[in-house]
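The values are calculated or read from the model by the stated rules, or taken from the named source; none is laboratory data. Only a predicted model underlies this, so the values are computations on that prediction, with no experimental measurement involved. Cβ atoms come from the backbone with ideal geometry, glycine included; neighbour counts cover every protein chain shown.
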Amino acid sequence: MSERPLLELDDVRVHFGLRGSFLQRMAGRDVGSVKAVDGVTLSLRRGEVLGVVGESGSGKTTLGRIALRTVPLTSGTVRFDGTDLTGLRESRLRPLRRRMQMVFQDPNASLNPAMTIAQAVGHPLQIHKLAMGKTEREARVAEALERVGLGTGVMAKYPSDLSGGQKQRAVLARAVICGPDLLVADEPVSMLDMSVRARILELMLDLKRDLGLTYLYITHDLATAKFFCDTIAIMYLGRVVEYGPAEQIYADPRHPYTQALLRAIPEPDPGRAVPRDLPRGEVPDAALPPLGCSFHPRCPVAFEQCGWESRDLADLLERHWVSRPAETYETERAVVGELDELEQPATTATLAAGGRATGKDVEDLLETIRRENPTDPLWRGVRNIRPDGEAVTVEFRDDHVDPPLYDVGGVKVACLKYRDDTAE
């Protein structure tokens, strides 16, 4: 591998503005934005396979499009083979894009149903003016199809005549026909049958070896990433939370989210019971991410400075009530008023009493929940619970920290557990 990275992403950000209501737009009110990618720094050396792993909505597909400069950057820098792509116009980007190609998730949507396979695979040659004559173009198409294991017998066929695996091979032939250096592969095997996935990944490794390709491999599947990747970047809500050599991350995952993803990998032996212990709750709203560490509402080891806030209190109440019998739920729910005010992130939460209840009744309910589950991480972030007439005020610590990537034994981890001056 060469010393200079082929691809460098330096603190890249892509924020998509929310439209809001008609009246909000007329008044010119800023209704916020979705931080699809929020301050990611990565480098990819020639010949390397970098896996970007995360759940749906983590920002991994947007990161792939950033690498190809097909989405506008909010801020940050993209360099390809030493060339700064950030401010380049489309006319100057196009020659470089011949060296950067993308393989999409769905081969059915990637191929034009009205084009034959020969036309579809050869189309990039026309776009980049690499094979002007029909004979030359057909020869290069035949060579590309042979390379991916299809052969020339499919040239006159249409995508509807091919199986899913054959279509993805045709997509790979189209991607490599221009001789690229970098392939951004966005979930390239997730739409395929399990029996076909391994063969496609093996083909991609063969292409890497034979053509000197470099891959940015985007996936939600840590099992295939283990087979395919040299380096892994774990993404959560637009941020990289763990980044390092694949072998090291699989052997000793450091971030609680990475640990949870690895526990979610299916066990092929049906007779072997594997503890899952998956993160509680759902992925938060990307338009209004949690304070502090974005993973803290789902983290089993979160502590005082991780970012506890009003929305976490609402989640605590809802988790508690889900496990209650209907009669108990109705009795306790009548003690607490509406929870809507807790949906705005704040380190001070006011929980109104419901009906004839008082703030003291709400306090008693919270203390009951605390006694039933004193190890819930949220209690570590609560400074004070104070009844105030017909409401109760819950004060959280306000010294929360949004963790950067810390160097931990050759791996970078965005978790406060690894900050030297933080005590759990």
Legend entry - Scan of region 195-222 for residues that are touching a Lys or Arg at 6+ places or on another chain (Cβ under 8 Å) and among the small types (Gly, Ala, Ser), ordered by number: Gly212
Inset, instruction - Look through Ala326, Ala349 and report the one residue that is surrounded by fewer than 19 Cβ atoms within 10 Å (Cβ to Cβ), among the hydrophobic types (A, V, I, L, M, F, W, C) and farther than 25 Å from Leu278 by Cβ. - result: Ala326
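Could you list, in sequence order, all residues of region 308-344 that are over 30 Å from the mean Cα position of the chain (by Cα) and of a type in the set (A, V, I, L, M, F, W, C)?
Kept after step one, since they are over 30 Å from the mean Cα position of the chain (by Cα), are these residues of region 308-344: 321, 323-338.
Those that are over 30 Å from the mean Cα position of the chain (by Cα) and of a type in the set (A, V, I, L, M, F, W, C): Trp321, Ala326, Ala334, Val335, Val336.
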Legend entry - Extreme residue, nearest to Arg94 (Cα to Cα), among residues of region 122-149 that are without any contact (Cβ under 8 Å) to a residue 24 or more places away in the chain and outside any helix (DSSP H, G or I): Lys129
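Filter region 192-206 down to the residues that are closer than 22 Å to Asn108 by Cα, assigned to a helix (DSSP H, G or I) and not β-branched (Val, Ile, Thr) and list them by number.
Within region 192-206, Met194, Ser195, Arg197, Ala198, Arg199, Leu201, Glu202, Leu203, Met204 qualify.
Could you name every one of the helices (runs of 4 or more DSSP H) located completely within region 223-336 that has at least 2 residues being among the polar types (S, T, N, Q) and assigned by TED's automatic domain parsing to the domain that holds Gly39?
Details: elements: 246-251, 256-263, 310-322, 326-333.
Because the criterion is at least 2 residues that are among the polar types (S, T, N, Q) and assigned by TED's automatic domain parsing to the domain that holds Gly39, the helices (runs of 4 or more DSSP H) in region 223-336 that meet it are 256-263.
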Inset, instruction - Of all residues in region 89-122, count the ones that are more than 27 Å from the chain's Cα centre (by Cα) and of a type in the set (A, V, I, L, M, F, W, C). - result: 6
Legend entry - Enumeration of residues in region 77-103 that are surrounded by fewer than 20 Cβ atoms within 10 Å (Cβ to Cβ) and either among the acidic types (Asp, Glu) or assigned to a loop (DSSP other than H, G, I, E, B) (or both): Asp81, Gly82, Asp84, Thr86, Gly87, Leu88, Arg89, Glu90, Arg98, Arg99
Legend entry - Lone unmet requirement of (1) surrounded by fewer than 11 Cβ atoms within 10 Å (Cβ to Cβ); (2) at pLDDT 95 or above for Leu366: (1)
